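Written out below as structure tokens is the structure these notes cover.
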Amino acid sequence: MTLVDEAKRVAAEFDYPTEDVQKGVKEFIRQMDEGLQKDGATMSQIPTYVTAVPNGTEKGLYMAVDLGGTNFRVCSVQLHGNSTFSLTQSKVAVPHELMVAKTSHELFSFLAKQIEAFLKTHHEEHYHSHIRRRKTMSREEGFRDEEIFNLGFTFSFPVQQNGINKGTLIRWTKGFDIADTVGQDVCALLQAEIDALRLPVKVAALVNDTVGTLMARSYTSPGKTGTLLGAIFGTGTNGAYVEKLDKVAKLSKDSDHDRSTGEMIINTEWGSFDNELSVLPNTQYDIALDAESVNPGIQMFEKRVSGMFLGEILRRAILHLIRDKKVCLFSDENSSMNDVHSTTNVAENSGLYKQWGLDTSFLSIAHGDNSQGLRITRQTLDRDYGVSAASAEDAEAVRVIASAIGKRAARLAAVAVGAIIISTGRLHTASSVATAKDKEGVDPPTGSGKTGVSEDDIIDIGVDGSLVEFYPNFEDYVREALREIPEIGEEGERRVRIGIAKDGSGVGAALIALVAGKVDKPE
């Protein structure tokens, strides 16, 4: 067997055929339904209490803050009402001592002070007018509604959400550890510190960034169709979609939410789909990656789809060939065996020998390399991974495997997208996604790239993340798999419009604050 033949044998382990795609869709729908019925299901299907998506005609000035890790971002978003917006933002590092503070007050007062500084800098007239007003009013009077900024709070930690702007912290992650915050309502904690500074700001919504992606796409998408699904295919993967309220059986009858639209956005947390591995593909490389991960046995869908893991899968497959003495990957008997007339060598400290040592961006480089003799792939192997004098055959072997791993990820992504399209019944109805109001006078071209599909029949999907943006042919592979699902087929796939949605934690959060409307302050 030639080296490339051996690589093709390994690549074949990542095949995900039509039959498996179809089985995956059926199981995905089953686990979606299970998650809507009860808590504790494999797929969490978390109600977000957001009951409408924007349509591009909304206007106004809204705020968003994002505590996603070691940085805190403050934004204001001016919506122009024609599917466009202007964004102003600032970002500050959260001091380590506040990440492990003794009390919630220390962290949340810091966050409120950043909001105050942002208002002073970027909305000086609004800020000073409220300063003048508060000098002449009692604390009980408060501000008039038109003076108050509605704010969307993206809080990227595990939270039990109980309302549009109510959510208790389950646990800290990402290096934060403030014991007295656990079990408390994070929106109320932030609001208390905002009120202590007497700022004209109301925490109107607690935001998940995937839900924000859906909202941002629905505002900026062309045409009058509301967006059905927002999906992240980046370092991690997740999706949020519009569901009929009467299907969300686990939602308490007396829970505090708007019922007027008959719909609610659901945060699927689909990274945990099929943790039992009843339908997901499972190679020796997947098994080894999972066993040595920090969370064995969970997030099994994410471990086959998201950018955090694809590079590690490829690294393990490459290492398997390097260690197979019958296969000559990155090894030559002498320099005449190599088209660059030099013996290939892998440095001892190469990332290929270290867990997480191969970045997923390398898959995009290898798969998309059209240079003569795969020069770009070979240069990257030399510069970034200590593989000197790799041959054209070496590079082709790596490319074959990288392409197979990326294609499998895209076909698995199609399982999630296809299942949601089928489960929501959108193929059999005209556009029915609840929007904040009718999209009067906004009717630009569909932008779907498909001819002969009326705007009413478009199924709009917003996506974000490095894989879908930078991995060559990712969307083409997703569409190919969608056509193989009998309930969708070629006709259904033509109706699907996929578009990039940016900044779910900023623009999306501001839009959720808009949709939240006249919600009461969190107490």
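The values are calculated or read from the model by the stated rules, or taken from the named source; none is laboratory data. These figures come from a predicted structure and were not determined experimentally. Note that we place each Cβ from the backbone using ideal geometry, even for glycine, and neighbour counts take in every protein chain shown. Surface areas here come from the heavy atoms of the whole protein model, side chains and all, with no ligands, DNA or RNA. Shrake-Rupley method; radii C 1.70, N 1.55, O 1.52, S 1.80 Å.
Open to solvent by less than 60 Å² (accessible area, probe 1.4 Å) and at pLDDT 85 or above: which single residue out of Glu106, Glu116 fits that description? Break it down into steps so the answer makes sense when it comes.
Values: Glu106 fails: open to solvent by less than 60 Å² (accessible area, probe 1.4 Å).
Just one listed residue meets the conditions, Glu116.
Counting only residues that are assigned to a loop (DSSP other than H, G, I, E, B), at pLDDT 95 or above and not charged (D, E, K, R), how many does region 2-42 have?
Within region 2-42, residues that are assigned to a loop (DSSP other than H, G, I, E, B), at pLDDT 95 or above and not charged (D, E, K, R) number 3.
Filter region 348-370 down to residues that are in contact with a helix residue (DSSP H, G or I) (Cβ under 8 Å, 6 or more places away or on another chain) and outside any helix (DSSP H, G or I) and give me whichever is surrounded by the fewest Cβ atoms within 10 Å (Cβ to Cβ). Before you say what the answer is, go through the steps one by one.
As a first pass, look at region 348-370 and keep what is in contact with a helix residue (DSSP H, G or I) (Cβ under 8 Å, 6 or more places away or on another chain): 350-353, 355-367, 369.
Among the residues that remain, those that are also outside any helix (DSSP H, G or I) are: 350, 355-360, 369.
Values: Ser350: 18, Gln355: 12, Trp356: 14, Gly357: 16, Leu358: 24, Asp359: 19, Thr360: 25, Asp369: 21.
Here the answer is Gln355.
Residues that are touching a Ser or Thr at 6+ places or on another chain (Cβ under 7 Å) and among the charged types (D, E, K, R): does region 77-95 have at least one?
No, region 77-95 has no match at all.
Out of all the residues in region 231-290, which are more than 25 Å from the chain's Cα centre (by Cα) and of a type outside the set (Ser, Thr, Tyr)?
Listed by number, the residues that qualify are Asp246, Ala249, Lys253, Asp254, Asp256, Asp258, Arg259, Gly262, Gln284, Ala288.
For region 448-506: of the residues being β-branched (Val, Ile, Thr) and part of a loop (DSSP other than H, G, I, E, B), which is surrounded by the most Cβ atoms within 10 Å (Cβ to Cβ)?
Ile458
Answer yes or no: is there a residue in region 401-419 that is open to solvent by less than 30 Å² (accessible area, probe 1.4 Å), of a type in the set (S, T, N, Q), over 30 Å from Glu34 (Cβ atoms) and at pLDDT below 90. Reasoning before the result, please.
Just the residues of region 401-419 that are open to solvent by less than 30 Å² (accessible area, probe 1.4 Å), to begin with: 401-406, 408-419.
When the remaining residues are screened for being of a type in the set (S, T, N, Q), the result is 403.
Of the ones still in play, those that are also over 30 Å from Glu34 (Cβ atoms) are 403.
Right, trim to at pLDDT below 90 and you get none.
Within region 401-419, none of the residues are open to solvent by less than 30 Å² (accessible area, probe 1.4 Å), of a type in the set (S, T, N, Q), over 30 Å from Glu34 (Cβ atoms) and at pLDDT below 90.
Taking the criterion of being free of Cβ contacts under 8 Å to residues at least 12 places away in the same chain, of a type outside the set (A, V, I, L, M) and open to solvent by less than 60 Å² (accessible area, probe 1.4 Å), would at least one residue in region 84-97 satisfy it?
The answer is yes, given that some residue of region 84-97 is free of Cβ contacts under 8 Å to residues at least 12 places away in the same chain, of a type outside the set (A, V, I, L, M) and open to solvent by less than 60 Å² (accessible area, probe 1.4 Å).
Just checking, how many residues over region 158-207 are in a loop (DSSP other than H, G, I, E, B) and either free of Cβ contacts under 8 Å to residues at least 24 places away in the same chain or open to solvent by 30 Å² or more (accessible area, probe 1.4 Å) (or both)?
Of region 158-207, the ones in a loop (DSSP other than H, G, I, E, B) are 158, 164-165, 170-178, 182-184, 197-200.
Adding the requirement that they be either free of Cβ contacts under 8 Å to residues at least 24 places away in the same chain or open to solvent by 30 Å² or more (accessible area, probe 1.4 Å) (or both) leaves 158, 170-175, 177, 182-184, 197-198.
Of the residues in region 158-207, 13 are in a loop (DSSP other than H, G, I, E, B) and either free of Cβ contacts under 8 Å to residues at least 24 places away in the same chain or open to solvent by 30 Å² or more (accessible area, probe 1.4 Å) (or both).
Which one is farthest from His123 (Cα to Cα) among residues in region 57-77 that are open to solvent by 10 Å² or more (accessible area, probe 1.4 Å) and assigned to a strand (DSSP E or B)?
Once the filter is applied, the top-ranked residue is Asn71.
Which of the residues spanning region 381-391 are assigned to a helix (DSSP H, G or I) and open to solvent by less than 30 Å² (accessible area, probe 1.4 Å)?
Within region 381-391, Leu381, Tyr385 qualify.
Keeping to region 90-100, report how many residues are part of a strand (DSSP E or B) and over 21 Å from the mean Cα position of the chain (by Cα). Working first, answer last.
The first filter runs over region 90-100 and keeps only residues part of a strand (DSSP E or B), leaving 90-93.
Okay, now just the ones that are also over 21 Å from the mean Cα position of the chain (by Cα), so 90, 92-93.
Selection size over region 90-100: 3.
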